[in-house]
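This report refers to the structure that appears directly beneath it.
The values are calculated or read from the model by the stated rules, or taken from the named source; none is laboratory data. The structure presented is a predicted model; accordingly, all values stated were derived computationally and were not measured. In this analysis, Cβ positions are derived from the backbone assuming ideal geometry, glycine residues included, and neighbour counts consider all displayed protein chains. Just so you know, the surface numbers come from the protein's heavy atoms only, side chains and all, with ligands and any DNA or RNA stripped out. Shrake-Rupley method; radii C 1.70, N 1.55, O 1.52, S 1.80 Å.
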Amino acid sequence: MRGLYGLDHSACTPPGDLGDTAMIAPALCNQLGEAERQRIGQRFVEAMAAHFPGVEARFAQSLPADVSPRARLASSLIASLRLTRATIWTVDKGVRTDGFLPITLALDISNGATGEVVFTRTHSLLASGPYAAGTAEQELARQFPAKLDQAMQALIVEAAADWKPYAQSATVVGRVENGWVVDRGRGHGLRIGDAIGDDGHIVYAGADYAVVRPVLGEYRTGQILARTAVQPAAMLAKPSLLTSFADVPQGYAKPFLTSIFEDAVGASGGFAPMPVNPGFSSLRAMALGEAQALSTDSRSLPDYVASIGVTLLPSATFPSNIPGVAIDRHEAHAFVELIDRSGRIVFTAHGQAKIVDEAAAGIRFSIEQRHDTVIRNALIDAAAKLWAFKPQPLSLPIAEAGGRMVIADRGGALPIGAQLKVLRKAGRMPGVAGAVFEPVGEIRVEGQAEGGMLASNADIAPLRLRSGDVVAIESAGPPLIARRPVKQCGVGRVDDRGPVPIAFWRVAASARFAAHFPAPVHSAGLADRLQILRDQFADWDSFAPAQDHPADYCFIPVIGVAPESNDAKGRPQYSLAVGYTLMRDETKLSGGGLRAVLTPTALPAGVDPASTRAMLLQDVMAQALPLADRAVVTLKPPL
């Protein structure tokens, strides 16, 4: 699609909502007007045509004139260019100023019918140079169009080298009551909700088979169904992960940080990132218009959602033991909550990054550059720690008992509110190693029963259970003592009781609670953030993370930092209290916390108050996190 996207909510779009879709320096906005974006878009079309085979300037222009609108849409992919970051950093050095112009572009290739991003790549460029004092911003703005074009050309060359589309094909091997069985499944990269063939959708995927339902018509045994894929099948076979940022440092764009995290997740190998094109709505509208088609197709739901909060602690500067040399300390933390399809947080990861620089004679890195580095490294560290997540597949019998549906779950795997497919053994099929199961309905977990969990029918059609029916889940997280969900009381609500405000605790506290509390913990605010994606995914209303289900009770993180008397050596000390309060409406159910004495990092005399406070906050973070972990385990959920 011709044009440059990603500027919908940026400093260049009134009223200047900084960082929503792109990080743009205001000095560059006059280079990104509508005419300039169209010119960049034309250069993009030319570069794509030069490096990608089969690129067409007009939608589906190579297809026969009599092809149906639906086929025209299904046979085409849409390439679009997004700008996620173009900022200016400066370091004043007296007679001159060092200037830096970081640019990040993303290339997305999307399925116009479903919105699935089948391929995405990013490229970053850093232009820099010395400039006369007071001229750096003006000079970098003058260079911006050429540097942006340079970054775009490099992005397309790199993407073309990685662009290796192929047909994911599967053979129809038999029929079941509500669909057809093909001989490829989850282990081959096919997922529930994927479109395959002309009008088929996968309704269930086992390890080496899948059940497909066509919208119209029927299949025949031996028929080949195919879909276009770009990622290797081994990557597609991994659990899919959708990223949603809850908190980001001021001035940072969520799409920019999302690309950093998703690249790191893909490299770590535990998950298959599920990228989302922020410009999906406008791109799809253009595609449908050019194809003269209507489409109700949507992409498959993710297996997990990563809800992420990033906090950038204030930087500190103080003299070292060497005359003329100062110490600059920068620190950032990333907290990841991994949410499964039931809406429960089943795993958490904490990434952190620190940089300690020695600045001699006033020569130092730009503070914006160091902030950029610690934020990036904290996200990469958190993504790497997701490798430790090892869910266990479970098949739990479901049967009728006393007129009620009961799931056998003595191990504490199922939370109340989970919605699951009921699977029924359909026998064996050629080319499939084990028994084939097909989905026959959906149930919702409603409460506890003797020896298991009560369930209700979540489908419109009646569900009549048979002997041998099961529900399949990926079991993860600590075993559940209580089954009713809990979440934070209000998005980011914290009871900060000390005279030293601890702003970062609203980002850190929820993940620490969810990591250790033996009841299903939901992520407050996640459903609201995900609503923007409603039109992109199939079966959205059955996707629990996107539904704002009320919790039975809630928790409030508590923190307090207050100065105490100096220690025997005259060093300042602070009391540090960390805990949680369980609430039902406005009634306190219980609470627990721990207290410690904090002795801040010793600093030389004369350090400015801002740096002294920054070091105190870095020390609080280091001590408060383990205290929070210990405080959670003292709490007992109401049964």
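For the stretch 200-207, 3J(HN,Hα) computed residue by residue from phi via the Karplus equation (6.51, -1.76, 1.60; θ = phi - 60°) reads x, 9, 7, 9, 7, 10, x, 4 Hz, glycine and proline entered as x. Using a simple spin-label model with pseudo-atoms 7 Å out from Cα toward Cβ, Glu36 and Ala388 lie 4.6 nm apart.
Roughly speaking, what is the stretch gain from Arg410 to Asp585, that is 0.36 nm per residue apart minus the C-alpha to C-alpha distance, in nm to one decimal?
My answer for the length gained is 60.0 nm.
Note on Gln250 and Ala146: the extension gain reaches 34.6 nm, defined as 0.36 nm multiplied by sequence separation minus the Cα-Cα distance. Using θ = phi - 60° in the Karplus curve 6.51 cos²θ - 1.76 cosθ + 1.60, the 3J(HN,Hα) couplings for the stretch 92-100 round to 6, 10, x, 6, 9, 10, 7, x, 9 Hz; x is entered for Gly and Pro. Helices in the chain, meaning DSSP H runs of at least 4 residues, each add -39500 (n - 2.57). Divided by all residues, the mean residue ellipticity at 222 nm is -7000 deg cm²/dmol. Long hydrophobic helices in the chain: the complete DSSP H runs spanning 24 Å or more by Cα along their own axis with mean Kyte-Doolittle hydropathy of at least -1.0 are 34-51, 136-162, 367-385, 609-632. Using the Cβ-Cβ distance between Ser575 and Val633 with R0 set to 25 Å, the FRET efficiency from 1/(1 + (r/R0)^6) comes to roughly 0.70.
You can think of it this way: the chain between Asp535 and Leu594 has 16.7 nm of extra reach, that is 0.36 nm per residue less the Cα-Cα gap. Label-to-label distance for Val95 and Phe52 is 5.0 nm, based on points extended 7 Å past Cα in the beta-carbon direction.
The stretch 483-515 and the stretch 246-273 have Cα centres lying 22 Å from one another. Its relative contact order, with pairs defined as Cα atoms under 8 Å and 6+ residues apart, puts the stretch 538-632 at 23 percent. The residues of the chain expose, per residue, 43 Å² of accessible area to a 1.4 Å probe. Measuring nothing but how far apart in sequence close Cα pairs (under 8 Å, 6+ apart) lie, relative to its length, the chain scores a relative contact order of 10 percent. If R0 equals 60 Å, the separation of the Cβ atoms of Ala602 and Glu474 corresponds to a calculated FRET efficiency of about 0.80. Per-peptide packing, taken as the mean over residues of other Cβ atoms within 10 Å, places 110-117, 595-602, 379-386 in the sequence 110-117, 379-386, 595-602 from highest down. The modelled label-to-label distance for the pair Ser395/His549, using points 7 Å beyond Cα in the direction of Cβ, is 2.5 nm. If I compute solvent accessible area with a 1.4 Å probe over the protein chains, what percent of it on the chain is carbon and sulfur? Within the chain, the accessible surface is 53 percent carbon and sulfur. Put simply, the amide H of Val203, placed in the peptide plane, has neighbours under 5 Å in Gly193, Val211, Val212, Arg213, leaving out anything fewer than 5 places away on its chain. Between Ala449 and Leu454, the built amide H atoms are under 5 Å apart, and every one of these is 5 or more places off in sequence or on another chain. A Förster distance of 60 Å, applied to the separation of the beta-carbon atoms of Thr228 and Ser320, puts the FRET efficiency at 0.55.
Applied to the stretch 213-230, the Karplus parametrisation 6.51 cos²θ - 1.76 cosθ + 1.60 on θ = phi - 60° returns per-residue 3J(HN,Hα) values of 10, x, 5, 10, x, 9, 9, 10, 4, x, 5, 9, 10, 9, 8, 7, 9, 10 Hz, with x for Gly and Pro.
Spatially, the stretch 179-196 and the stretch 561-626 are offset by 53 Å when compared through their Cα centroids.
Proximity of backbone amide H atoms, modeled 1.01 Å from N, is registered between Ala524 and Gln488 at under 5 Å, excluding neighbours fewer than 5 places apart on the same chain.
For the stretch 420-436 versus the stretch 323-366, the spacing of their alpha-carbon centroids is 48 Å.
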